[in-house]
Amino acid sequence: HTKIPVDVVLAQNPPSIPTLLMAYLYCRWQGVCRRHRPRFVIDWHNLGYTMFADPSSMSGRRAMVQNFIRSIAKCYELRMAPLADAHLTVTRAMQRWLVDNFSLRGSRIQVLYDKPPSMFRPTTVDEQHELFSRLDVD
């Protein structure tokens, strides 16, 4: 608990269950209790429902159960997405997908490309050899 008001709650997706609901409820609760509602922002790295196995590769009862779980998870994300004040994605493709499939307004979605800073670079063979020598790895 903090006396400093929270301005933004950023929820990374996935995991979506129960993260998105908990973050949303926290923002609403703060609005009621403190009369200052933080903005709820979803950071879309992927779609949570796609983390469940694709039922098309299964058969019988297992496929039915997996399809049911996947459908519930997709419905959950579909219902939670419009409740966010803003969205972040790492690609334009994800932005378009959210607009087309979750009926979100593109103006509420900001693309922030996920790329390493320039200080990160591939290691040279000599650097790899030196590291593996220190780790005593053949």
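The values are calculated or read from the model by the stated rules, or taken from the named source; none is laboratory data. Predicted, not measured: the structure shown is a model, and the values here were computed from it. Ligands, DNA and RNA are stripped out before the accessible areas are found, and what is left, the full protein with its side chains, is counted by its heavy atoms. Shrake-Rupley method; radii C 1.70, N 1.55, O 1.52, S 1.80 Å.
Roughly to the nearest percent, how much of the accessible area of region 1-118 is carbon and sulfur, given a 1.4 Å probe?
Working: 4430 of 7740 Å².
Taking all protein chains in place, region 1-118 shows 57 percent carbon and sulfur surface.
Given 0.36 nm per residue, what is the gain on full extension from Ala86 to Leu131 after removing their alpha carbon distance, in nm?
Taking Ala86 through Leu131 to full extension adds about 11.9 nm, to one decimal.
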Revision key, fill the gap. Row for region 97-138, column shape: gyration tensor on C-alpha, a ≥ b ≥ c, rounded if a/c < 1.5 i.e. under 1.5, prolate if a/b over b/c, else oblate; value prolate
Revision key, fill the gap. Where a ≥ b ≥ c are root eigenvalues of the Cα gyration tensor, a/c under 1.5 meaning rounded, otherwise prolate if a/b exceeds b/c and oblate otherwise, region 54-138 counts as oblate
Check your understanding: Using alpha carbons only, how many degrees (0 to 90, rounded to 10) separate the axis of helix 125-135 from the longest principal axis of the chain?
Key -> 90 degrees
Exercise for review: Using only alpha carbon pairs under 8 Å that are at least six residues apart, calculate the relative contact order of the chain and give it in whole percent.
Suggested key: 19 percent
Review point. With every protein chain left in place, what is the accessible area of Val8 in Å² (1.4 Å probe, nearest 10)?
Key: 80 Å²
Point to revise | Where the chain is the region considered: accessible area per residue in Å², 1.4 Å probe | key: 72 Å²
Check your understanding: Helix-derived [θ] at 222 nm for the chain: sum -39500 (n - 2.57) over DSSP H runs of at least 4, divide by residue count, nearest 500?
Key -> -13500 deg cm²/dmol
Exercise for review: Over the alpha-carbon set of region 6-83, work out the extent along each principal axis and list the three values in angstrom, largest first.
Suggested key: 52, 21, 15
